[in-house]
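First the structure, in the form of structure tokens, and then the observations on it.
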Amino acid sequence: MVHFCFSSSSSMIMIVGLLVVLAHLKGSSSTHLSTDFYDKSCPTVFSIVKSVVKSAVMEEKRMGASLLRLHFHDCFVQGCDASILLDDTPTFKGEKTAGGNNNSVRGYEVIDHIKSKVEAVCPGIVSCADIVTIAARDSVVFLGGPNWKVTVGRRDSKTASLEAANSGVLPGPDSNLSTLIQKFQDQGLSPTDLVALSGTHTIGKARCVVFRERIYNDTIIDASFAKKRQRRCPRNSGLGDDNFAPLDNKTPKIFDTAYFKNLIAKKGLLHSDQVLYDGGSTDSLVELYSKSPESFNKDLVVAMIKMGDISPLTGSNGEIRKNCRKPN
Ligand code: HEM
Ligand SMILES: *[C@@H]1O[C@H](CO)[C@@H](O)[C@H](O)[C@H]1NC(C)=O
Ligand SMILES: *[C@@H]1O[C@H](CO)[C@@H](O)[C@H](O)[C@H]1NC(C)=O
Ligand SMILES: *[C@@H]1O[C@H](CO)[C@@H](O)[C@H](O)[C@H]1NC(C)=O
């Protein structure tokens, strides 16, 4: 009896140990990504992505913001696997019409353009998921943000899920701080990552429909800022829903730390921006980043690499799509 108990508890320990090892292997799947993955197979990929992103951003600054957001919305839904790029077909509904994406996410044509140039020199080698990741980094750099080495080696999904994209994994603009922290934590991202990544709202635009509640009903808002934004965003829903305002009230085309200064002045455009500075646990980070571009840049780079590491397909999982819009 004693012997039985002993062997049962030691095999229990072994099972628990095995589970810990398995969990660790699963969690560290991102170690398959590396900065030198294409060094032999497609060394020119980085310069191709850079040149196409550069011309797209020179043509329209906002495209840099759009490419960055494309990467975020790819990674938060079943990992950074280019699932967001799959077009709907009569028999398939992908992520493009999901709540946060429809009529909102842009940059798909730029990714197509990059992909066709890359396929011309290294056919079947570079994933769409890696192209999106590199393009996001280059966008940040061209608009004045920090630079870093992108880890690559992701593969593309063979499918996508509208249900997954609509399941609430993508945070909405009226989220409170605890919801934001939770949704980032669900992806393995810390509150520091949340604040640093939200700082990318230093570039780009949002539509009236996502900030209407904030400018008419929020209490934590500068009154003159609210008035100014109300001019092009009427109270009645349906009117002017697609009218744009810059996410950064000060320098919307420059990747800087003005976003955080806006929050301190109660001039965040989205409710989900302002909750980062509203007497809660993230106030001190907002204050730090508002004063120290070095701290912001350092934490942003860490967070961008972590976000790019969310559940990648590696090894023989997934595929290298020929056309980013459809499975092979
Ligand atoms: C913290 C939770 C977040 C919420 C609630 C949120 C919400 C939004 C919303 C509602 C818009 C405007 C969309 C529209 O009106 O069509 C937007 C734009 C944008 N978001 Fe976020 N976002 C979040 C985090 C992030 C992250 C993590 C990134 C990237 C790392 C990001 C990058 C951007 C960029 C660059 C734009 C401007 C896009 C453009 O002009 O095309 N956001 N976001
Ligand atoms: C997506 O947006 C278009 C307008 O751009 C609209 O006609 C369509 O109903 C929307 N689809 C969904 C699922 O919301
Ligand atoms: C935050 O929002 C969630 C979802 O809407 C809600 O359940 C929760 O009570 C809110 N938390 C706080 C602290 O307001
Ligand atoms: C603001 O709150 C009022 C009162 O609850 C509500 O009637 C209105 O629909 C809300 N939204 C806007 C944009 O005014």
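The values are calculated or read from the model by the stated rules, or taken from the named source; none is laboratory data. Only a predicted model underlies this, so the values are computations on that prediction, with no experimental measurement involved. Just so you know, the surface numbers come from the protein's heavy atoms only, side chains and all, with ligands and any DNA or RNA stripped out. Shrake-Rupley method; radii C 1.70, N 1.55, O 1.52, S 1.80 Å.
Worth pointing out:
- Per-residue ellipticity at 222 nm computed for the chain from its helices equals -15000 deg cm²/dmol, with DSSP H segments shorter than 4 residues left out and the rest contributing -39,500 (n - 2.57).
- Protein-only accessible surface order, largest first, of R235, R154 at 1.4 Å: R235, R154
- In the context of the full set of protein chains, residues of the chain present 48 Å² of accessible surface per residue (probe radius 1.4 Å, heavy atoms only).
- Per-residue SASA entry for I305, accessible area with 1.4 Å probe, Å² rounded to 10: 50
- Of the cross-linked pairs K96/K326; K228/K267; K149/K306; K183/K322; K227/K250; K250/K291, those separated by over 21 Å at the C-alpha level are K183/K322.
- The chain - percent relative contact order, Cα under 8 Å, separation 6 or more: 24
- Residue order by solvent-accessible surface for I48, I254 is I254, I48, largest first, with ligands and nucleic acids left out and a 1.4 Å probe.
- Separation between Cα centres of the range 107-121 and the range 271-328, rounded to whole Å: 23
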